[in-house]
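FYI, it's all coordinate maths here, none of it is from the lab. Nothing here was measured: the structure is a model prediction, and the numbers come from that model. Counting neighbours? That spans all protein chains shown, and the Cβs are built from the backbone with ideal geometry, glycine included.
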Amino acid sequence: MRVTEGGVSLSVPGESTDGVEEAVFYNPRQELNRDLTVAALRAYREREPRAESYLDAMTASGIRGLRAAADGWRVTCCDADREAAALARENLADYDGTRVIEGDANAVMHAEAPVDVIDLDPYGTPMPFADAAFASARDLVCVTATDTAPLCGAHLQSGIRSYSAVPRNTEYHAEMGVRILLSALARSAARFDVGVAPLVTYARSHYVRTMLELTHKPTAADAALEELGHIAHCEDCLYRETSEGLIADAPDTCPNCGGERLLVAGPVWLGPTRDREFVEAVRDEITDSFGTASKLDDLLADLAAERDEPTHYDQHKLCKSWGLPANAMDDFLGDLRAAGFAASPAHYGGTAFKTDADVAEIRAATAPNLG
């Protein structure tokens, strides 16, 4: 059958795909992901006019590569599945200069000439493909991770195996996934003397997405590794603190409540997860052809305004631990600001927020107006 997305039409698995089985994957729930990718590619081309080649390393139906080709990129698509490659070839047939390769993504990335942008969108963890991407990309590596349970610490051992880090399942579990992923990618890139800088990163429902700008210098790789560290989290009072470096330096007991139930996560990425100026440039590239234009603009606005603290709080979790009712978020954040602290909503959920106040300071500033 045929579908239309972002102003392009393509065949997807269904009755009219001439023998292509349903195993070839097309996920309409990832439309916002793809809309954002197209807008970000447009913004990046303004930032780096030389960039023109794009590799969709796990192409499936070819939708991501097709949309990049329709936007003027010189596209190569790859898939190890024969039927997926055939469908992608059909979908990209009208675009001169595009190629579809049937083959293993790692083998293709190592064999091909360097590519300006490489996009990894596998099923599950992207880490088996990260080394090849950083060895082969000039400018950008874009990554989607859909294994959120391992990333966020719900499946601890799987997370440790996949990301060579310890994720912890906290109330900021989505951000834990973001920062575990960025840490693992930074360490992968550093093996090739490549430094990474996140331009756009977000967590949404079942996946984490990031777009990393690359600098091919050992000093840049060192600088990226300096953004890594650990989070110590108290399960009793929700206090948390960070320490820089690849070796954890966590307290034995909670500095806030004296409790001993401290979780230590890491190494995680402690630095900014996006470039505010670039996020605003991406917003400027949103068009009416995007099916998710309104949702995408809201997400990018939240990302641009969000503070850089490496964890966020959830008002409902805090109030539950205090035995107090929650307040309207605007009023809650207003109380924090009135007490002299900075605060912003966080894109991870409607009751998520970031602040430079610690948990005791948050309670002192907001509790008088709760209930």
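Things to note:
- Relative to the current alpha-carbon distance between Ala367 and Arg82, full extension at 0.36 nm per residue lengthens the span by 96.6 nm.
- Nearest 10 degrees, 0 to 90: helix 329-338 Cα axis against the chain principal axis: 60
- Cβ-based net charge around Tyr95, under 15 Å, with every Lys or Arg adding one and every Asp or Glu removing one: -1
- Nearest 10 degrees, 0 to 90: helix 293-305 Cα axis against the chain principal axis: 40
- Rounded tilt (10° steps) of 173-190 against the dominant C-alpha axis of the chain: 60
- Cubic angstrom per residue, convex hull over Cα atoms of the range 208-363: 144
- About the centre of its Cα atoms, the chain shows a dipole size close to 320 debye [charges on the beta carbon of Lys, Arg (+1) and Asp, Glu (-1) only; nearest 20 debye].
- Put simply, when 201-207, 214-220, 150-156 are sorted by average Cβ atoms within 10 angstrom per residue, most first, you get 150-156, 201-207, 214-220.
- In this simple spin-label approximation, Leu246 and Ala342 carry label points 7 Å from Cα along the Cα→Cβ vector, and these lie 3.0 nm apart.
- Here the spin labels are modelled as points 7 Å beyond Cα on the Cα-Cβ line, and at Ala154 and Arg29 they lie 1.1 nm apart.
- Take each peptide in 70-78, 191-199, count the other Cβ atoms within 10 Å of every residue, and average; sorted highest first, the result is 70-78, 191-199.
- Among 29-42, 270-283, the order from most to least packed when residues are scored by Cβ within 10 Å on average: 29-42, 270-283
- Cα centre as origin, Lys/Arg/Asp/Glu Cβ charges: the range 233-278 dipole, Debye: 160
- Amide hydrogen proximity for Val200: with H placed 1.01 Å from N in the peptide plane, the residues at 5 or more positions away or on another chain lying under 5 Å are Met211, Asp275.
- Residues whose placed amide H lies under 5 Å from that of Gly349, excluding near-sequence neighbours: none
- Comparing the range 117-227 with the 2.2 N^0.38 Å rule of thumb, its C-alpha radius of gyration ratio is 0.98 (two decimals).
- Antiparallel %, DSSP beta bridges [both residues in the chain], to 5: 70
- Anchor Lys320: lysines whose Cα lies under 29 Å away (excluding residues fewer than 8 positions away in-chain): Lys354
- Compactness of the range 171-247 as Cα Rg over 2.2 N^0.38 Å, two decimals: 1.20
- Phi-based couplings in Hz for the range 51-63 (Karplus 6.51, -1.76, 1.60; Gly and Pro marked x): 5, 8, 9, 9, 10, 8, 7, 9, 7, 6, 6, x, 4
- Overall form of the range 308-355 per C-alpha gyration tensor (a/c, 1.5; a/b vs b/c): oblate
- Among Leu333, Leu185, Leu66, the residue with the largest mean-square fluctuation in a Gaussian network model of the chain, with springs joining Cα atoms closer than 10 Å, is Leu333.
- Environment charge of Asp71, counting only residues whose C-beta is closer than 12 Å and scoring Lys/Arg +1, Asp/Glu -1: +3
- Calculated on the alpha-carbon coordinates, the convex hull of the range 6-118 measures out at 98 cubic angstrom per residue.
- Label-to-label distance, Asp331 versus Glu235, with points set 7 angstrom from Cα along the beta-carbon direction: 3.4 nm.
- Net dipole in debye of the range 194-292 [+1 Lys, Arg Cβ; -1 Asp, Glu Cβ; about Cα centre; nearest 20]: 280
- Surrounding net charge for Asn369, when Lys and Arg each add one and Asp and Glu each subtract one, Cβ distance under 10 Å: -2
- Rg/Rh for the range 262-311 (Cα atoms only, Rh after Kirkwood) is 1.14.
- Lacking any other cysteine beta-carbon closer than 4.7 Å, the following Cys residues of the chain have no compatible partner: Cys77, Cys78, Cys142, Cys152, Cys319.
- Amide H contacts of Thr59 (H built 1.01 Å from N, under 5 Å, at least 5 apart or other chain): Cys78, Asp79
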